Every structure is written in structure tokens, then in C-alpha cells.
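J.: Before I ask anything, here is the structure I am working with.
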Amino acid sequence: MFSQADDLREGMMIDQVFTCSRVRARLRESTFGGVLDEYVRQLQARGYVRGTIGKCLGAVEHFGSWLRDQGLTPAAVSRDLIHSFLHGHLPRCRCARMSAYRRAVNASSGSGA
């Protein structure tokens, strides 16, 4: 695996957060896939650990999927839209994608279900 020193020197990326190639590919193809490596670097620079970074990536992927399902692009993001996601969608969320994501994260991190 990678040491903290390696992460600081090279900057952590999705490949260093998830071992499962399917999860990495899905994240890279997601709505915000083009900026996720930089997002990971920013989180790592602020002291976040891999597990927390993985959860943050899952949240970004979920938000991006919700945007796409609403027929919206990242350019449409506003405070009101984020509020709608956080307070309208999340409390009632039954997204199949999120269930699959949770299983993949657990498998990738080596933790159980």
C-alpha cells in the first residue's frame, strides 16, 4: 500500500483510495469524474484519511447521479439545488446506485457489509 509520505509527495488519487477497478472506472465516468482526482488531493492535503475520502467521493457521485436524473448538469448547481438535494432527496433516498456503492466500498476497503 501507500504510506502517508507517498500520498503527500505525489498527491492521492482515486486509484489510491479504491482497489476495485470497477469502482474507480464508475467514479471516473460519473458526472464529476473529471475533477475527482483534484478533489481527492484537496481532501488529502487537509488531512482526511482514505476511508473518509472514499465516503466523500460517494457523496459526490450520489449528488452527480441525482443531478443527471433531474436532467441537470453541474452548471445548474446552486445553493437552492444543493438544499433540495440535502433536505428533499437525501431523507427519502432509495437510490439503487447508493446501495451498490455501499457494497462496493465495503468490499474494496476490506470491511464487511
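The values are calculated or read from the model by the stated rules, or taken from the named source; none is laboratory data. Note that the structure is predicted; figures quoted are calculated from it, not measured. Because the Cβ atoms are built from the backbone with ideal geometry, glycine has one as well, and the counts that use them run over all protein chains shown.
J.: What pairs come out if I take residues in the stretch 18-32 that are closer than 20 Å to Leu67 by Cβ and pair them with residues that are outside any loop (DSSP other than H, G, I, E, B) and among the β-branched types (Val, Ile, Thr) whose C-beta lies under 7 Å away, six or more apart or interchain?
T.: Short answer, once both residue conditions are applied: Leu27/Ile14; Arg28/Ile14; Phe32/Val60.
J.: Taking only the stretch 1-14 into account, find how many residues are modelled with pLDDT of 85 or more and loosely packed, with under 14 Cβ neighbours inside 10 Å.
T.: So the count comes out to 0.
J.: Which of the helices (runs of 4 or more DSSP H) contained wholly in the stretch 18-79 include at least 1 residues that are among the basic types (Lys, Arg) and within 27 Å of Arg94 (Cβ to Cβ)?
T.: Ranges flagged: 21-29, 50-69.
J.: Further question on the same structure: Which of the residues that make up the stretch 42-55 are of a type in the set (Lys, Arg) and more than 13 Å from the chain's Cα centre (by Cα)?
T.: The one that is of a type in the set (Lys, Arg) and more than 13 Å from the chain's Cα centre (by Cα): Arg46.
J.: Limited to the stretch 49-80, what total is found for residues that are crowded, with 16+ Cβ neighbours inside 10 Å and more than 16 Å from Asp15 (Cα to Cα)?
T.: Of the residues in that region, 7 qualify.
J.: Another question, if that's okay. Please verify whether His89 is in contact with a Phe, Trp or Tyr (Cβ under 6 Å, 6 or more places away or on another chain), of a type outside the set (A, V, I, L, M, F, W, C) and modelled with pLDDT of 90 or more, treating the condition exactly as stated.
T.: So His89 fits the description; yes.
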